[in-house]
Amino acid sequence: MPGIGIRISKNDITLIFDELENNRPFEACGVLVGSQEGEKITVSRVVPVKNSNRTGRSFELDPTEFYNAWSSAEKEGLDIVGVYHTHPVSPAKPSAWDKDTMQNTSDVWVIAGIDGIFTYRMAEGMVETVEMI
């Protein structure tokens, strides 16, 4: 049985990589706006959000910008289906901090790092890879 899959446009993937490069050496972050039907997530757009914890090893979505993205999505009948962030000096694998934070949500996490871009979610206490479709 296939697991959950996520569809993200090439333009949005490019935007995330641009965020990685433009914010280096700091982590960049944002939200994935879209919808979920069963095990398929469709990202309508990626919305960069200011990193309130501007370091090279962690991120925190600016509350005001997050609220604005959520409010805009809701008005369109869409949801925040996940977050993205960058690892400007490390691989795109969840760090210990990422794993701890992922425990609090079922959302998908897109991580762009020095080795590419990968998608994850927390399921039953374990990090699992989400297939890009």
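The values are calculated or read from the model by the stated rules, or taken from the named source; none is laboratory data. Bear in mind that the values here come from a model prediction, so they are computed numbers and not experimental data. Heads up, the Cβs are rebuilt from the backbone with ideal geometry, glycines too, and the neighbour counts pull from every protein chain shown.
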Qualifying position, being in contact (Cβ under 8 Å) with a residue 24 or more places away in the chain, outside any helix (DSSP H, G or I) and farther than 14 Å from Trp109 by Cα, among Phe26, Phe17: Phe26
Tell me whether region 27-35 contains one or more residues that are surrounded by 13 or more Cβ atoms within 10 Å (Cβ to Cβ), of a type in the set (S, T, N, Q), touching a strand residue (DSSP E or B) at 6+ places or on another chain (Cβ under 6 Å) and over 16 Å from Ile117 (Cβ atoms). yes
Go through region 34-69 and count every residue that is assigned to a strand (DSSP E or B) and closer than 24 Å to Met132 by Cα. 15
Taking the condition of being within 19 Å of Ala73 (Cβ to Cβ), among the β-branched types (Val, Ile, Thr) and without any contact (Cβ under 8 Å) to a residue 60 or more places away in the chain, how many residues in region 1-14 meet it? 0
Take Val31 and tell me if it is among the hydrophobic types (A, V, I, L, M, F, W, C), closer than 15 Å to Val83 by Cβ, in a strand (DSSP E or B) and in contact with a Pro (Cβ under 9 Å, 6 or more places away or on another chain). yes
If I filter region 12-19 for residues that are in contact with a helix residue (DSSP H, G or I) (Cβ under 8 Å, 6 or more places away or on another chain), polar (S, T, N, Q) and farther than 19 Å from Arg121 by Cβ, do I get at least one hit? no
Residues satisfying the stated conditions in region 18-55, i.e. among the β-branched types (Val, Ile, Thr) and more than 15 Å from Val89 (Cβ to Cβ): Val31, Val33, Ile41, Thr42, Val43, Val46, Val47, Val49
For region 107-133, what are the residues that are assigned to a loop (DSSP other than H, G, I, E, B), more than 26 Å from Pro25 (Cα to Cα), over 12 Å from the mean Cα position of the chain (by Cα) and in contact (Cβ under 8 Å) with a residue 12 or more places away in the chain? Gly125, Ile133
Considering residues of region 77-104 that are β-branched (Val, Ile, Thr) and within 12 Å of the chain's Cα centre (by Cα) only, the residue surrounded by the most Cβ atoms within 10 Å (Cβ to Cβ): Thr86
Condition (residue is in contact with a strand residue (DSSP E or B) (Cβ under 7 Å, 6 or more places away or on another chain), of a type in the set (Phe, Trp, Tyr), modelled with pLDDT of 95 or more and not in a strand (DSSP E or B)) applied to region 75-96: is it met by at least one residue? no
Is it true that Phe59 is at pLDDT below 95, over 23 Å from Ile4 (Cα atoms) and buried (at least 18 other Cβ atoms within 10 Å of the Cβ)? yes
Expected output for region 35-55 (first residue in contact (Cβ under 8 Å) with a residue 40 or more places away in the chain, partner surrounded by fewer than 19 Cβ atoms within 10 Å (Cβ to Cβ) and not aliphatic (A, V, I, L, M), Cβ below 6 Å, 6+ apart or cross-chain) is Ser35/Thr42; Lys40/Gly5
